[in-house]
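The values are calculated or read from the model by the stated rules, or taken from the named source; none is laboratory data. All values derive from a computational prediction rather than experimental measurement. A quick note on method: Cβ atoms are made from the backbone with ideal geometry, for glycine too, and the neighbour counts reach across all protein chains shown. Ligands, DNA and RNA are stripped out before the accessible areas are found, and what is left, the full protein with its side chains, is counted by its heavy atoms. Shrake-Rupley method; radii C 1.70, N 1.55, O 1.52, S 1.80 Å.
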Amino acid sequence: MPILHLELQPGRTPEQKRAFASEATRVMVETLGCPPESVDIVINEVSRENWAKAGTLYADK
């Protein structure tokens with residue numbers, strides 16, 4: 001069973017997440033040859049205060 005873990009900063013709408021899940025599932029099925037029922041997608045929203053790049057928190061930018 002393929003599992004895709006996606007980390008995002010908050011702010012996407014449920015419709016955007018739904019569209020992403022649908023397209024990501026389609027691509028995994030097409031690329032990996034697995035049934036759609038076997039694809040799990042986990043979307044974790046991480047706040048800017050818990051996300052850093054190049055040693056700087058996004059909240060501090």
Exercise. Out of the residues in segment 28-61 that are under 24 Å from residue 9 (Cβ atoms) and assigned to a loop (DSSP other than H, G, I, E, B), which is most open to solvent (accessible area, probe 1.4 Å)?
Worked result: 61
Problem set entry | Flag for residue 13 being at pLDDT 95 or above and exposed (fewer than 12 other Cβ atoms within 10 Å of the Cβ) | yes
Problem set entry | Conditions (1) at positive phi; (2) touching a strand residue (DSSP E or B) at 6+ places or on another chain (Cβ under 8 Å); number of the one not met by residue 54 | (2)
Exercise. From the residues in segment 2-36 that are under 13 Å from the mean Cα position of the chain (by Cα) and among the charged types (D, E, K, R), which one is nearest to residue 52 (Cα to Cα)?
Worked result: 7
